[in-house]
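The values are calculated or read from the model by the stated rules, or taken from the named source; none is laboratory data. From a predicted model like this one, the values you see are computed outputs, not experimental measurements. Positions of Cβ are generated from backbone atoms using ideal geometry, with glycine treated the same way; all protein chains shown enter the neighbour counts.
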Amino acid sequence: MKSLLQKIEQLEASSRELDPPAQQREKALKLVQQFSESFLSNAHLEKGYFNNGDPMGLGINGQPHELNDLLEKYKNEISSNGIQAASAAHLGYIPGGGIYSAALSDFLAAVTNEYAGMYYASPGAVTVENEVIEWLKEVFLFPSSTVGNLASGGSIANLIALTAARDFHQIKKDKIERSVIYMSSHVHHCIHKALRIIGLEDVIVRELELDDHFKINSHELEARIKEDIALGLYPFLTIASAGTTDTGAIDPLAKIGEIAHSHSMWYHIDGAYGGFFNLLESRKKLFQGIELADSLVVDPHKGLFLPYGVGAVLIKNKEAVFQSHHYTANYMQDALGSFNSLNPADLSPELSKHFRGLRVWLPLQWHGVQVFKDCLEEKLLLTEYARIELERIGMLLGPIPDLSVTFFWHPKGDEATAKLMELIHLDGDVFLSSSVIDNKKVIRVAILAFRTKKDTIDRMVAMVQRCLTQL
Ligand SMILES: *Cc1c(COP(=O)(O)O)cnc(C)c1O
């Protein structure tokens, strides 16, 4: 007994290191704050891309280190290498966000460590998450019986939605090989990935050809569905995009929805990039019909400028989601009770769950919604401005985009465009990325980083001009 107590005492002294006293906390917080202030004071000027080679010295050797040294390493090896996602000058792929109020929310969520998987465990945290879902239902005009979940991003959110579609239509066994899914050839690759993960890689996928604005042609969709029905196949799912990654195109959502439902199919819309532009009066028309979706994905870590780590899914049919995600276990019997609120764990593959609802809820409550709308509208106008400027310096442009992604190419064609892209990446002042659209090499400009302002666009154009002189 005595030696047991002695050992406990020893271990207690050591394990208290994990729970530092107020003075130490304050000191640590100050260091982190100094770091983040120095990072943020530069974020609007920072280059969009650094190529500093492979990160060094990040291995874990099991020994304790000074926080100061670790922050130094964070600065040199992590935060100033690669694409600067928090900088104004990230105009490649689909830029993410990183607003400060969301960072503070994450800090609070981690300090209090709310368990956001079950209502029983944390009624407040789960209610916050469910209130975010309620708000999304209002924004997208979904009925009140809709359920939803905050997942880690658009990929997992799409996976949850497609699983519900699969289960609703009972796509299994010999039904798999005669079941058909329709989608744009510009659909995000995470859709294909999700289908493979959920055991649907052998279903028939019809990738539809696009019109000259890169949208699904609804007549072709209808014709293909009818052909497939005549062949004895089972069309069960149509996927539309509300903002494709390549060109930001919004498919004709209302028409596609009517067609899908007239054939009793599940209608899924991927709005991971574009969804939140629906908040704007100026774009409402393009989103007409979004409310017809059986499931919808939007990414707050894109369109609401939050840091990476949150994508949302709305699904109208609760039973379809429950079929694959609702489980009970003996050790969880206390959680069963009769609670009115839904448990996030019943709607997602996750059980223990980061309280990611707070990083959506707190910024929306703190700033109000209007500033988010203004920031989105600003991005649309900056896209218009960027096109005018790129044309002025002699670049050829893709069609006027629905949203904030546009593309250009060099009048001399593929080879010159590829070389220009290379020079732009070497320059790195503003980060752009390339794609192949209509069999043509193009350079994309995707404007969604909340720090991107008019002066960023001027920098981008100056950079392209600089690179053109080196061609
Ligand atoms: C980004 C994106 C995805 C994937 O979402 P993640 O949050 O990166 O997992 C899916 N669809 C579209 C249209 C996207 O832009």
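Selection over region 85-122 of residues that are in a helix (DSSP H, G or I) and either within 16 Å of the ligand (Cβ to nearest atom) or not β-branched (Val, Ile, Thr) (or both) gives a count of 11. Residues considered: Leu253, Leu221, Leu233. Of these, the only one that is over 21 Å from the mean Cα position of the chain (by Cα), under 22 Å from Cys190 (Cα atoms) and either surrounded by fewer than 21 Cβ atoms within 10 Å (Cβ to Cβ) or at pLDDT 95 or above (or both) is Leu221.
Given region 184-272, what helices (runs of 4 or more DSSP H) lie entirely inside it while holding 3 or more residues that are within 16 Å of the ligand (Cβ to nearest atom)?
Working: elements: 189-197, 218-230, 253-262.
Result: 189-197.
For residues in region 409-465 being part of a loop (DSSP other than H, G, I, E, B) and among the acidic types (Asp, Glu), which is surrounded by the fewest Cβ atoms within 10 Å (Cβ to Cβ)? Write out each step before concluding.
Pass one, region 409-465, residues part of a loop (DSSP other than H, G, I, E, B): 410-413, 428-430, 432, 438-439, 447-453.
Filter again for among the acidic types (Asp, Glu), leaving 429, 438.
Details: Asp429: 18, Asp438: 10.
Result: Asp438.
Out of all the residues in region 355-365, is one or more in contact with a Pro (Cβ under 8 Å, 6 or more places away or on another chain), modelled with pLDDT of 95 or more and assigned to a helix (DSSP H, G or I)? Yes: one or more hits.
Among the residues of region 277-294 satisfying the criterion of being part of a helix (DSSP H, G or I) and within 25 Å of Leu195 (Cα to Cα), which is nearest to the ligand (Cβ to nearest atom)?
Filtering region 277-294 down to residues part of a helix (DSSP H, G or I) leaves 277-279, 281-287, 290-292.
From what's left, within 25 Å of Leu195 (Cα to Cα): 290-292.
Working: Ile290: 14, Glu291: 19, Leu292: 18 Å.
Ranking the candidates gives Ile290 first.
Taken over region 131-141, the criterion of being more than 17 Å from His301 (Cα to Cα) and surrounded by fewer than 22 Cβ atoms within 10 Å (Cβ to Cβ) is satisfied by Glu131, Glu134, Lys137, Glu138, Leu141. The single condition from (1) charged (D, E, K, R); (2) within 20 Å of the chain's Cα centre (by Cα); (3) surrounded by fewer than 19 Cβ atoms within 10 Å (Cβ to Cβ) that Glu281 fails is (2). Only one of the numbered conditions (1) away from the ligand (no atom under 16 Å from the Cβ); (2) touching a Leu at 6+ places or on another chain (Cβ under 9 Å); (3) not in a helix (DSSP H, G or I) is not met by Asn149, and that is (1).
Exactly one residue out of Leu390, Leu403 is in a loop (DSSP other than H, G, I, E, B), at negative phi and of a type in the set (A, V, I, L, M), and it is Leu403.
In region 295-309 there is no residue matching the filter, namely being part of a loop (DSSP other than H, G, I, E, B), away from the ligand (no atom under 16 Å from the Cβ) and in contact with a helix residue (DSSP H, G or I) (Cβ under 9 Å, 6 or more places away or on another chain). Taking the stated definitions as given, is Ile78 under 31 Å from the mean Cα position of the chain (by Cα), among the aliphatic types (A, V, I, L, M) and part of a helix (DSSP H, G or I)? Spelling it out, Ile78 is indeed under 31 Å from the mean Cα position of the chain (by Cα), among the aliphatic types (A, V, I, L, M) and part of a helix (DSSP H, G or I).
Quick check on region 310-348: of everything there that is part of a loop (DSSP other than H, G, I, E, B) and either within 16 Å of the ligand (Cβ to nearest atom) or within 30 Å of Phe450 (Cα to Cα) (or both), which residue is modelled with the highest pLDDT? Spell out how you get there, then give the answer.
Initial filter on region 310-348 (part of a loop (DSSP other than H, G, I, E, B)): 310, 316-317, 326-329, 336-343, 348.
Next, from what is left, pick out any that are either within 16 Å of the ligand (Cβ to nearest atom) or within 30 Å of Phe450 (Cα to Cα) (or both): 310, 348.
On the way: Val310: 98, Ser348: 95.
The selected residue is Val310.
Scanning region 274-307 for residues that are in contact (Cβ under 8 Å) with a residue 12 or more places away in the chain and either on the phi > 0 side of the Ramachandran plot or basic (Lys, Arg) (or both) returns Arg283, Gly289, Lys302, Phe305.
Restricting to region 457-471, name every residue that is among the aliphatic types (A, V, I, L, M) and touching a residue at least 40 places away in the same chain (Cβ under 8 Å). Don't jump to the end; show me each part of the working.
Initially, region 457-471 is screened for residues among the aliphatic types (A, V, I, L, M), giving 457, 460-464, 468, 471.
Within region 457-471, Ile457, Met460, Val461, Val464, Leu468, Leu471 meet the criteria.
Entry remark, region 1-36: residues being charged (D, E, K, R), closer than 22 Å to Glu66 by Cα and surrounded by 10 or more Cβ atoms within 10 Å (Cβ to Cβ) number 5 in total.
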